[in-house]
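A short reminder: the numbers here are calculations on the coordinates, not readings from a lab. On a predicted model such as this, the values are computed, not experimentally measured, just so you know. For neighbour counting, all protein chains shown are included, and Cβ atoms are generated from backbone atoms with ideal geometry for every residue, glycine included.
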Amino acid sequence: MTSLCKVLLISPRFNGRTFWNFEAASEVLGARFPSPPLGLITVAALLPPTWECRLINCNTEELSDADLAWADLVMIGSMLPQRPDTIRLIEIAKAHGKPVVVGGPDVTTAPEEYAIADFQVRGEAEGIIDAFINAWDSGVREGVFEAEKFKVDVTKTPIPRFDLLKKEHYTHIGVQFARGCPFTCEFCDIIELFGRTPRVKATAQMLAELETLYNQGYRGHLDFVDDNFIGNKKAVKLFLAELVEWQKAHGYPFKLSTEASINIADDDALLALMRAANFFLVFVGIESPDTETLVSMQKKQNTRRELAHSVHKIYRAGMFVIAGFIVGFDSERGSVAEGMIDCIEATSIPMCMIGLLYVLPTTQLMHRLGREGRLFPPDYFQSLAAAGIGDQCLAGLNFHTARPRRDVLMDYRTVLDRVYRPSAYFSRVGKVARMLDRPIQDRGANKDKPRPRLFGIPVADLLTLWRLTWRMALRQPSALWYFVKVFSECARKNPRATDEVGMLAALYLHLGPFSRYVISAIDRQIAEIDSGRWQPPPKVIAEPDPVTALSIAS
Ligand code: B12
Ligand code: SF4
């Protein structure tokens, strides 16, 4: 018997204002949201071909009653900052009498939060979805299905259903080469979700994904969402060599970005391959400039190096760097603000994701703080989420800090204030504009219709520049002059870097106001501590650890 089912895949809204909410920058590029839900379109590709799929991304479009009426089954994929909207969507679907399957990283690490869903699919769908499909076909209407950890062979993962995407809604599309990371950073949940041995796709399989997107007419930015693209250097180099040829043969239809550990800078051959493949951006977790802190969080790969030298080497290879920094580690002996600001200035990284340490479920950090009785109860996150707070910028420090909480918050707001002033931000953009050495590419193989040009410049680029300048004048007037100065200098002295400099400027449309919003919210938190209105939850020592318990400030 042929199995038939109409599946409505829904990606819930991310909560409130977050660092990664680049709606303002997306607008400049004529899009609605940064990227689509790769997990859900991967799940769609795993379903029987006779099952019909529709995708609604609540971050870009409205879910209608008609969508729900059409469906036999609703599938929702969720990460932590989507949890409140996921719960809302489950309730709506159930009110329409539709069974709901929920999957994704948050249900995998915090399943107790999703008890109201009819089905939970935990872990990587490839490892368990067939069991769910068989159960569904045999009439089962509720249950929990859990994949065996880290066992999925990603070389068998099908090509995600990119055809379900309204690609014009997004500034970029995600693809994935590897899962897992060989490192063991204490705060990270990746090694708990995907394991320590990176599992990589086959080169032909990866190129088939790119070919599919290309044949569907997509051109532009592709992001490799791997947690650490260079986790298996040998495999990635083999893939990159072929990717370089593919890009050349297709006239470089894609600009590429990814996330990698800083040791990427130690490997000249790897940097050269990434340059040749047209990578223009890499996210690096720097976390802290302090060696003792890096050692205590088990991020030893970031020690024994001159960070500015490593980052500038990546610039010279044609990629700009976005970096993650964290405030609130136990090993911070005193104020960390000046050290962090100096590091950000010395490395000249304009866009820094500076967050408060956040204890994610299942991590080694969670287990240690749990043993030390320092975790805040789960309703701490729920209350912040209910207030629209979305990520580690404001929901962080969900535990009793080692230093007085007020001092950590003060450091955090100081760093944000100093590095996101327009003068400071655009001074770093100016340095990138001078150092970024974008490659010259032979685009002879490009078969696309030539883009209309004015004075030799693509009209679409001129329109984007106009939208950017106009919005900057309207929304960030204090940054306009810095932007004009940096951009015009770049256009004169390093014209190949203008796209990247324009992108960094567009990101400031979000980062400028967002940093000011976070600073004022942190100021309110500090005022509440000072007035005694904020009281930490009582400590519960589950397994007392005398050494660390002594060092916890009250
Ligand atoms: C790309 C990405 C983002 C993008 C979002 C892209 C998007 N539009 O969805 C951006 C950069 C915006 C982002 C931001 C954040 N992210 Co993020 N992000 C990722 C990343 C690197 C890749 C996600 C992805 O596409 N994976 C590839 C797909 C194939 O995997 P998958 O989604 O897990 O799907 C598989 C399974 O989970 C399952 N599955 C997924 N959905 C469903 C649904 C159903 C019905 C079923 C059956 C199965 C299923 O099957 C899939 C195939 O195996 C992951 C890490 C990772 N390796 O996954 C982190 C991750 C999801 N992010 C995480 C977090 C915490 C955040 C942030 C809060 C903080 C941060 N790290 O910056 C912010 C907040 C965002 C916000 N706006 O509020 C955590 C989530 C932890 C949790 N418990 O939920 C992760 C796991 C890693 C991490 N520590 O950063 N993120
Ligand atoms: S290097 Fe990145 S992905 Fe790997 S364990 Fe550390 S934080 Fe997680």
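Can you compute the modelled spin-label distance between Leu238 and Ile116, with each label point 7 Å from Cα toward Cβ, in nm?
Label-label distance for Leu238 and Ile116, simple model: 4.8 nm.
Suppose each label sits 7 Å from its Cα in the direction of the beta carbon; what would the Val459-Ser335 distance come out to in nanometres?
With each label placed 7 Å out from Cα toward Cβ, I get 5.5 nm.
Can you sort Thr50, Thr363 by how many other beta carbons sit within 10 Å, fewest first? Show your work: numbers first, answer last.
Values: Thr50 9, Thr363 20.
Exposure proxy ranking, most exposed first: Thr50, Thr363.
Between Ile440 and Arg406, what FRET efficiency follows from the Cβ-Cβ distance if R0 is 51 Å, with the result rounded to 0.05? Mind showing how you got there, number by number?
Details: r = 52 Å, r/R0 = 1.03.
Plugging the Cβ-Cβ distance into 1/(1 + (r/R0)^6) gives 0.45.
Using 0.36 nm per residue, how much length does the chain from Arg88 to Asp267 gain when fully extended, once their Cα-Cα distance is taken away?
59.7 nm
Can you give the extra length, in nm with one decimal, that the chain gains between Ala527 and Lys166 once fully stretched, where that is 0.36 nm per residue apart less the Cα-Cα distance?
So the extension gain works out to 125.5 nm.
Sketch the reach of a paramagnetic label on Ala204 as a point 7 Å from Cα along Cα-to-Cβ, and name the residues of the stretch 128-163 whose backbone nitrogen lies under 20 Å away.
Under cut-off, by backbone N: 153-160.
Give, rounded to the nearest 20 debye, the magnitude of the charge dipole that the chain has about its Cα centre when Lys and Arg contribute +1 at Cβ and Asp and Glu contribute -1 at Cβ. Mind showing how you got there, number by number?
Numbers: 64 positive and 65 negative charges, 375 e Å.
In debye, rounded to 20, the chain gives about 1800.
Grab the beta carbon distance between Trp470 and Glu23, set R0 = 22 Å, and tell me the FRET efficiency rounded to 0.05.
Values: r = 16 Å, r/R0 = 0.74.
My answer for the efficiency is 0.85.
Dipole size in debye (nearest 20) for the stretch 154-358 around its Cα centre, Lys and Arg Cβ +1, Asp and Glu Cβ -1? Spell out each step's value before the answer.
Values: 22 positive and 25 negative charges, 175 e Å.
Here the size comes out at about 840 debye.
So who's got an amide H within less than 5 Å of the one on Met353, skipping anything under 5 residues away but keeping other chains? H placed 1.01 Å off N, in plane.
When sequence neighbours closer than 5 places are left aside, the close amide H contacts are Ala323, Gly324, Phe325.
As a footprinting exposure proxy, order Asp106, Asp67 by other Cβ within 10 Å, with the fewest listed first. Present the calculation step by step, with values, prior to reporting the outcome.
Working: Asp106 22, Asp67 17.
Fewest-to-most ranking of Asp106, Asp67: Asp67, Asp106.
What full-extension length gain, to one decimal in nm, is calculated for Glu146 and Arg496 as 0.36 nm per residue of separation minus the Cα-Cα distance?
Values: separation 350, 0.36 × 350 = 126.00 nm, distance 4.86 nm.
My answer for the length gained is 121.1 nm.
Mind giving me the FRET efficiency for His367 and Ala95? R0 is 25 Å, r the Cβ-Cβ distance, nearest 0.05 is fine. Show your work: numbers first, answer last.
Details: r = 38 Å, r/R0 = 1.52.
That pair, His367 with Ala95, gives E of 0.05.
Rounded to the nearest Å, what's the spacing between the alpha carbon centres of the stretch 340-391 and the stretch 67-91? Just the number, please.
26
Which Cys in the chain stand alone, with every other cysteine's Cβ at 4.7 Å or more from theirs?
So far as the 4.7 Å Cβ criterion goes, Cys5, Cys53, Cys58, Cys181, Cys343, Cys352, Cys393, Cys490 stand without a partner in the chain.
No solvent, one uniform scatterer per C-alpha: report log10 I(q)/I(0) for the chain via the Debye equation at q = 0.07, 0.08, 0.09, 0.12 1/Å, two decimals.
-0.41, -0.55, -0.70, -1.31
I need the helices of the chain that pass two filters: whole DSSP H segments spanning 27 Å or more by Cα along the axis, and mean Kyte-Doolittle score no lower than -0.5.
Working: long enough: 498-531 (49 Å, 0.36).
Result, helices passing both filters: 498-531.
Can you work out ³J(HN,Hα) from phi for every residue in the stretch 152-165, in order, using Karplus 6.51 cos²θ - 1.76 cosθ + 1.60 and θ = phi - 60°, giving whole Hz and x for Gly and Pro?
Once rounded to whole Hz, the list reads 5, 8, 5, 5, 9, 5, x, 5, x, 7, 4, 5, 7, 8.
With equal scatterers on the alpha carbons only and no solvent term, can you work out the Debye log10 of I(q)/I(0) for the stretch 176-266 at 0.11 1/Å?
Here the Debye-derived log intensity ratios amount to -0.33.
For the modelled label position 7 Å from the Cα of Arg54 along Cα-to-Cβ, which residues of the stretch 1-37 have backbone nitrogen atoms closer than 12 Å?
6-10
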